[in-house]
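Report on the following structure.
The values are calculated or read from the model by the stated rules, or taken from the named source; none is laboratory data. Computed from a predicted structure; not experimentally measured. Cβ placement follows ideal geometry from the backbone for every residue including glycine, while neighbour counts extend to all protein chains displayed.
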Amino acid sequence: MVLNMRQVNDDAVIVRSIVELGHNLGLAVVAEGIEDQETWDLLSDLRCNQAQGYFISKPVLADDFYDWVQQSKYSGNIGK
């Protein structure tokens, strides 16, 4: 759903509803599959808590993950 939320209004409505539902239940919400800055920005506007996807990083080896976290501007909460 996140992948198409910029082009398909129904997907955007579903993503927004899921984020709101998660927050109303007191949960942190994680978005998966972020591929571009525009989707990142939309999810930030929805107050999505965490994110993952190729826009943030391609998969890395476990041994390299610590270095990635130290160097990446995307290693914290979404919207930072």
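Inspect all residues belonging to the range 54-76 and state whether any of them is closer than 17 Å to Asn4 by Cβ and at pLDDT 90 or above. Yes. Within the range 1-26, being loosely packed, with under 15 Cβ neighbours inside 10 Å, of a type in the set (Gly, Ala, Ser) and outside any loop (DSSP other than H, G, I, E, B) holds for one residue alone: Ser17.
Within the range 27-52, restricting attention to residues that are aliphatic (A, V, I, L, M) and outside any helix (DSSP H, G or I), which residue is modelled with the lowest pLDDT? Can you show your working first?
Going through the range 27-52, the residues aliphatic (A, V, I, L, M) turn out to be 27-31, 34, 42-43, 46, 51.
Next cut, outside any helix (DSSP H, G or I) only: 27-31, 34, 46, 51.
Values: Leu27: 97, Ala28: 95, Val29: 95, Val30: 93, Ala31: 92, Ile34: 92, Leu46: 92, Ala51: 89.
It comes out as Ala51.
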